[in-house]
Amino acid sequence: MEAILAYIVPAPLSDVAALSLIALSFVTSLMTAALGLGGGILMVAAMASVVPPAALIPVHGMVQLGSNSGRVLLFRRHIRRPIVLWFLLGAVVGVTIGAQVAVRLPREALLIVVGAFVLVTTWMPSFGRYRVPDRGFSIIGAATAFITMFAGATGPFLAPFLSPERLGDRHATIGTFAACMTLKHGLKVTAFAAVGFAYLPWLPLVVLMIASGFLGTVVGRQIVSRMPEARFRTAFKILLTALAIRLLYQGVAGWTGPV
């Protein structure tokens, strides 16, 4: 057993931390598959307490790439492909720029901006009635891909544009969201590899986290299939609000210290 753990666990982590992340991957993927979002932010928050800062964003991106790919597979029939294609075009631009300049910008300020934006788009009726045209997702893709290069999980920024009210179906919300996030994280992982991040020591742990996450997605899919549409929409909005408040807290605390 010790020999197996020695192969799986990268040097900076303890055995307990690594096993906890594998279990958490199941929980966060179940949450995202059942409610549409939330797992990515919970995962990056947990990883931040045990993973070295230099490895946090690239390793988190690799795990999320695998987890979202599983959701794409299971919800593939419901994906709105024109939205995803426009999103991809913008995401390529966003990652390219973000890889060059994102690290120079104040992370706290952008967290506050994103948190405030999510609250406004979630609760203001004027925003809620506005339907972003498919080609508008090129701008959204560029913005979210840019931010993800240093903020990690940007699901709350994208989610208001893919809410079940706008797409008309919870399965379309989950599938399209997962497809966009898969592309974004794939570009991010590629960008970090291009600048020299060494993924190999983390690969065994990441593979197990992805496998655990896929099992969570399978269970979460069963939950969402049984959940009434109205209940899903309410839970989606409440979770989105909670995540936005957390982003605001992170941004304010980063500038002023713990509040």
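The values are calculated or read from the model by the stated rules, or taken from the named source; none is laboratory data. Values in this document were obtained by computation on a predicted structure and should not be read as measured data. Reconstructed Cβ throughout: ideal geometry from the backbone, glycine too, with neighbour counts over all protein chains shown.
This table checks each residue for (1) in a helix (DSSP H, G or I); (2) within 22 Å of I174 (Cα to Cα); (3) under 17 Å from the mean Cα position of the chain (by Cα).
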position	(1), (2), (3)
A198	no, no, no
M209	yes, yes, yes
V218	yes, yes, no
I223	yes, yes, no
F236	yes, yes, yes
L239	yes, yes, yes
A242	yes, yes, yes
R246	yes, yes, yes
G254	yes, no, no
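Being crowded, with 21+ Cβ neighbours inside 10 Å, touching a Leu at 6+ places or on another chain (Cβ under 7 Å) and not β-branched (V, I, T) is the filter here; which residues of the stretch 209-229 pass it?
Scanning the stretch 209-229 gives M209, G216, G220.
Looking only at the stretch 46-87, filter to residues that are surrounded by fewer than 18 Cβ atoms within 10 Å (Cβ to Cβ) and of a type outside the set (A, V, I, L, M); which one of those is farthest from L208 (Cα to Cα)? Outline the logic, then answer.
Step one: list which residues in the stretch 46-87 are surrounded by fewer than 18 Cβ atoms within 10 Å (Cβ to Cβ), which gives 48-50, 52-54, 56, 73, 76-78, 81-82, 85.
Next, from what is left, pick out any that are of a type outside the set (A, V, I, L, M): 49, 52-53, 76-78, 81-82.
On the way: S49: 19, P52: 19, P53: 21, R76: 23, R77: 26, H78: 27, R81: 29, P82: 32 Å.
Here the answer is P82.
Tell me, which residue of the stretch 235-259 that is in contact with an Asp or Glu (Cβ under 7 Å, 6 or more places away or on another chain) and not aromatic (F, W, Y) is surrounded by the fewest Cβ atoms within 10 Å (Cβ to Cβ)?
Filtering the stretch 235-259 down to residues in contact with an Asp or Glu (Cβ under 7 Å, 6 or more places away or on another chain) leaves 251, 254-255.
Those still in the list that are not aromatic (F, W, Y) too: 251, 254.
Details: G251: 22, G254: 15.
It comes out as G254.
Could you say whether any residue in the stretch 10-27 is of a type in the set (S, T, N, Q) and surrounded by fewer than 23 Cβ atoms within 10 Å (Cβ to Cβ)? Quick ask: steps written out before the conclusion?
The initial filter retains those residues of the stretch 10-27 that are of a type in the set (S, T, N, Q), namely 14, 20, 25.
Still in the running and surrounded by fewer than 23 Cβ atoms within 10 Å (Cβ to Cβ): 14, 20.
Yes; the residues of the stretch 10-27 include at least one that is of a type in the set (S, T, N, Q) and surrounded by fewer than 23 Cβ atoms within 10 Å (Cβ to Cβ).
Within the group F161, F232, which residue is more than 17 Å from the chain's Cα centre (by Cα), surrounded by 21 or more Cβ atoms within 10 Å (Cβ to Cβ) and in a helix (DSSP H, G or I)? Walk me through it before giving the result.
Numbers: F161 fails: more than 17 Å from the chain's Cα centre (by Cα).
After ruling out the rest, the residue left standing is F232.
Has the stretch 107-122 got any residue that is modelled with pLDDT of 85 or more, closer than 23 Å to L240 by Cβ and part of a helix (DSSP H, G or I)? Steps first, answer last, please.
First, the residues of the stretch 107-122 that are modelled with pLDDT of 85 or more: none.
Looking for residues that are modelled with pLDDT of 85 or more, closer than 23 Å to L240 by Cβ and part of a helix (DSSP H, G or I), one finds none in the stretch 107-122, hence no.
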